[in-house]
Structures are given as C-alpha cells and as structure tokens.
1. Between I208, I244, I192, which is in a loop (DSSP other than H, G, I, E, B) and either surrounded by 14 or more Cβ atoms within 10 Å (Cβ to Cβ) or not small (G, A, S) (or both)?
2. How many residues are closer than 17 Å to L93 by Cβ and part of a loop (DSSP other than H, G, I, E, B) if we restrict to the range 211-241?
3. Identify the single condition in (1) farther than 30 Å from I402 by Cα; (2) open to solvent by 10 Å² or more (accessible area, probe 1.4 Å); (3) under 19 Å from the mean Cα position of the chain (by Cα) that I340 does not satisfy, given that it satisfies every other one.
4. Spot the failing condition for I398; the list is (1) crowded, with 20+ Cβ neighbours inside 10 Å; (2) at pLDDT 90 or above, and only one is missed.
5. Is it true that G194 is in contact with a helix residue (DSSP H, G or I) (Cβ under 7 Å, 6 or more places away or on another chain), within 21 Å of L101 (Cα to Cα) and not aliphatic (A, V, I, L, M)?
6. Quick one: which residue in A349, A361 is among the hydrophobic types (A, V, I, L, M, F, W, C), out of contact with any helix residue (DSSP H, G or I) (no Cβ under 8 Å at 6 or more places or on another chain) and in a helix (DSSP H, G or I)?
7. Return yes when F137 is in contact (Cβ under 8 Å) with a residue 60 or more places away in the chain and crowded, with 24+ Cβ neighbours inside 10 Å and no when it is not.
8. The conditions are (1) within 20 Å of C127 (Cα to Cα); (2) out of contact with any Ser or Thr (no Cβ under 7 Å at 6 or more places or on another chain), and T467 fails exactly one of them. Which is it?
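The values are calculated or read from the model by the stated rules, or taken from the named source; none is laboratory data. The shown structure was predicted, so the numbers you read here are calculated from the model rather than taken from an experiment. Reconstructed Cβ throughout: ideal geometry from the backbone, glycine too, with neighbour counts over all protein chains shown. Note: areas computed on protein heavy atoms with side chains; ligands, DNA, RNA excluded. Shrake-Rupley method; radii C 1.70, N 1.55, O 1.52, S 1.80 Å.
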Amino acid sequence: MENPEKNPYTLGADAHEYGDPSGYKDIVERKGHAVGEAADMYGDLATAEEYGYVERGLKSRHIQFIALGGTIGTGLFLGIGSAFARSGPLSVLLGYSFTGLAVFAMMQCLGEMATWLPLPGAIPQYCARYVDPAMGFAVGWNNWYQSAITLCAEISAASIVVGFWNDQISIAAWISIIIVLVICLNIFAVSIYGEAEFIFASIKILTIIGLLILALVLDLGGGPSHDRLGFRYWKHPGAMKTYIANGDTGRFLGLFSTLVNAAFSYGGVEMVAVAAGEAANPRKNIPKAVRRVFWRILFFYVLGSLAIGVLVPSNDPNLLSDKPGAARSPWVIAIYRAGIPVLPSIINAVILTSASSSANAFLYTGSRYLFGVAQNHQAPRFLLKCSKSGVPYWCVGITASISLLTYMSVSTGANNVFLWFQNLTTIAQLFTWCSICVAYLRFRSALIAQGVDRNTLVFKSPYQPYTAWFALIYFAIIIVFNGFFVFTRGNWSVTDFLTAYIGMPIFFGLYLFWKVLKRSPFVNASEADIWTGKAALDAEVWPEQVPRNFLEKIWFWIA
C-alpha cells in the first residue's frame, strides 16, 4: 500500500484491503450514513465533521426525472430547427439516431462506474483516480466553467423567451427573477432541487408526448384543414439537403453537420452521474436510470426529429428567423401551419420552463463539479464546506456568481462578447464524454488488475471494451471535424474557427498546467483507487420498497 501521506484516499482503501470496514459501520451507526461516507472520502472523521458533507437526499423519482429532464432541453424544442433547415429531415433523423447510439454507449460506461462508486461530482474524480490527476483537474475545471457559462446562456434564453408575449419590459428584470429563483432552488437542500427538477421534467415529458401525438394526428389529416401530409416534404424540398458542396458530397456534409448539432442537444445526459453522490440507494436507482437512457433517446429525440420532418418543410423561412421565443420552433411553425390557436403560447411557456429547468440543473452540476475538484485536492479546501442540510454552499455561491455575466446580454455591444464567450463552451461537452470513456477503460483495467470479477458488479455494461471505444472514437471525430466548414472555399472566418476549436487548447492547457505544476504520474491500473468511499456505502442497508397495489407497481416502474 501507498504511504497515506502521499494519497489522501488511502485510509478508505486500507480499511477495505485489510478487511476491516467495521470502523465505518460504527460511524454509520453513531453519526449517520453521510458522515461515514464523508469520513471515508476525507480520510478521517474530524475532517468530515469540520467541513460537513453532502446528503443522499435525492429519491428514486428525483433521479429518474433528472435523467429524463437532462435529455430534453431547448435543443429539442428550438435548436433542432436550424439543423433541420440546413440538412433536411432524413439527415436530422439519422444524425440524432447515430449520436443517440454513441451517447447510450457512453452512459453505459458511466453507469458502471457510478454504480460501483457514486461520488459527488463523480466525473473529475473518476478521471483523477483511474487515469491521471491532471486529467481530473482538466475535466473538473472544464466542466465547472462549461456549466457556469451554460447557466448564463439558459438564463438569457429564458428571459428572451418572455419576449414572445411582452417585449416592452427590459430583459434585465427577467434575468434577475430567474437568477434568484435558481439560487433558491439550490441553496437550501438538495431535495428541493430534486423536487423542482421532478416538476420541470414532468412538464417537458408531458409536452413532448402531447406533441408526438399531435404530430401523428396532423400528419394523418386530423387537423382543422384535414390535409393529410404523409411524407410529402421528404419529396419536396427533399429528404437530404446539400451543404457547402453539391451531390452526394454535399448531402454527406449536411448529415455530418447534424452530428455536431445533435451532440450539443444531448448535453446534460450525464447529470444523473453527477447526482449519484446524493442519490438514495444509488446501487438500485443509478442503474435503473442509465438503462432507460436508450429508450428516452429513442422516444424523445428520434421520434421527435421524425415528427417535425413530416410536419414542416425544411425550406420554411421561419426556421431561421430571429423572432423571439417559440416563434422559431419547428413545433410551433407546424401548429401555425395547421391553423391551431392557443397552442403556440403553451409551447412557449414550456420552452420557458425548459430553459429555467436547465439553468437550475447547470447551477447544481456546476457546484458539484467544483465540489468534486475540491475533493481531488485541486481547489481550495473551503469549497468542501457544507450546510447542515448537505449543500456545499460555497460551491453554489461561486457558481451562481458567474450568472451575473448574463446582464451583458442586455447591452448590444456586450452581448457580442457574451455570445462569443458562450461559444467557448460548445466543445467542452464532447471532451467530458471522451473523458468518461477514457476513465472507464482505465477503470475496467483496474478491476481486472486488482482481481475484481466484473460478473459480480451490480451493473455491468455490455460489450465492453468495444462500447467504450466506439463512443470515444465517435466523439473524438466530432471534436476534430466540428469546424470543417471554415476550411472550405469562401467560408474562412477567424471567429468561426475560434468558436469551433478554442475549446481544445483550453482543455489541454488545463491538463498541461497541472501536469507540469504537480508532475502527476499516470495511474497504474494495479494501484488505481477503486475502493475509497466504497466501504461506508457497502455498510448501508436501504429498505426495499414493495408496491402495495397495481398503481404503485406502475409508479415504481416509472420513478
């Protein structure tokens, strides 16, 4: 074993290796499960008592709906329209399907790690433990920065959406209201955040189910005009549009451009692992959420992209308009074309709640990424301080303070700077997913090297390591070629080039900074810390929920 002074995690590892988790059982009995887990993570009970600890306050339904809500954002209601106008309905359907398959593969990797060891923040800690501390530093700060700036973007989007009804009131007022709202939902207790996401996700889920039913009715001629649409728009203006080039090359480039759009639309799907460190009964609830990712992706995104493809022609000018709120949404355009009143305002309200939900979620994930980096000893220790209700309030406060940048969007000049700053985060999501795949490959090697039989795992992801390699290569290709259009004749733009690729030097710069500063070595599989934090979790017994009737059986299946 390593010298404990060299590795702050070794007390937990020692307890496991020497077969003596009884100390952690005593802590659980005397002080509660959260203290035992914190003591395991920090290395001693005194440190856990000094800083406090997060609480496992997220119930099964919270976790399930956080996972559901994480895959349904403004991208499905608004963002998909630009890809649709550029590439055509078949390209969008294929692009979202291919990317959905890769996201499913990545989530299988993350699910296995998060079930074995559910940690607050999770992803940077997995990278630091299994790959390289420098990678944990880069991923942690990259993810925090991405979450904080995306928080600003979502608050800005929510405030602008209000302009669909009233554009006379300054958006600064709406920005202030939304900032206060999301801080209140995050600062008091994690269960309040969970309840808010449960409600927001329920609204989004019911809306998209209603829209899919509406799409079927309108397509079959059930609208006010009784015009049966069928697949007419796949014939004219066409199923696949050309982009940049002509012929098959142009259609392929159009398809590839949708991969980039789809990857950004799926952003946030990994939130369920970020919440794993605060989930009740994580060994049951995390696998349950991860296994359903595929069906959520299939149902919402694939069927959603198919639905708008039969309702709206890809050359409709409103798809690329600068109208506020839901006016650019392909769903709203379809409703207007069908002559149905009232529904557009309802969809706009849903987009408003969707953006507010995303802001709420990114404040949560950003604060937990910061907490995870602090647990890696790569951020100031005061960030580990938690309230009595288990909220890392310094992490929440610092992440929330970045939201003040949203006021830059009020000024036309500053708004240009803000939008450019926001674009820096676009590639960070893909780096996160690549990092998850790399961490999993090293985690799998560590299990093998340390004699852990994967067949004994609570959640074992299928077809490994091929699943991880497929997702890693897929996301890496999108990172490298996401800005391909700037290299084509007549399309060079310094701004577009920086937007597409500035994320790469930021990520690798963070990595090299820690590598050079700390001279951190790559983690050997036989020495990777796969144990710390596990002893206290293993000592906890979660009561089994038995449904009392048929309705409860249905509810337990859903949530």
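1. Details: I208 fails: in a loop (DSSP other than H, G, I, E, B); I192 fails: in a loop (DSSP other than H, G, I, E, B).
Going through I208, I244, I192 in turn, just one is in a loop (DSSP other than H, G, I, E, B) and either surrounded by 14 or more Cβ atoms within 10 Å (Cβ to Cβ) or not small (G, A, S) (or both): I244.
2. So the first thing to find is which residues in the range 211-241 are closer than 17 Å to L93 by Cβ, and the list is 211-212, 215-216, 219, 229-235, 237-241.
Pick out the ones that are also part of a loop (DSSP other than H, G, I, E, B) and you get 229-231, 239-241.
Total satisfying the criteria: 6.
3. The failed condition is (3).
4. Just one mismatch for I398, condition (1).
5. Answer is no for this residue.
6. On inspection, the qualifying residue turns out to be A349.
7. Working: in contact (Cβ under 8 Å) with a residue 60 or more places away in the chain: yes; crowded, with 24+ Cβ neighbours inside 10 Å: yes.
Spelling it out, F137 is indeed in contact (Cβ under 8 Å) with a residue 60 or more places away in the chain and crowded, with 24+ Cβ neighbours inside 10 Å.
8. Going through the list (1) within 20 Å of C127 (Cα to Cα); (2) out of contact with any Ser or Thr (no Cβ under 7 Å at 6 or more places or on another chain), T467 breaks only (2).
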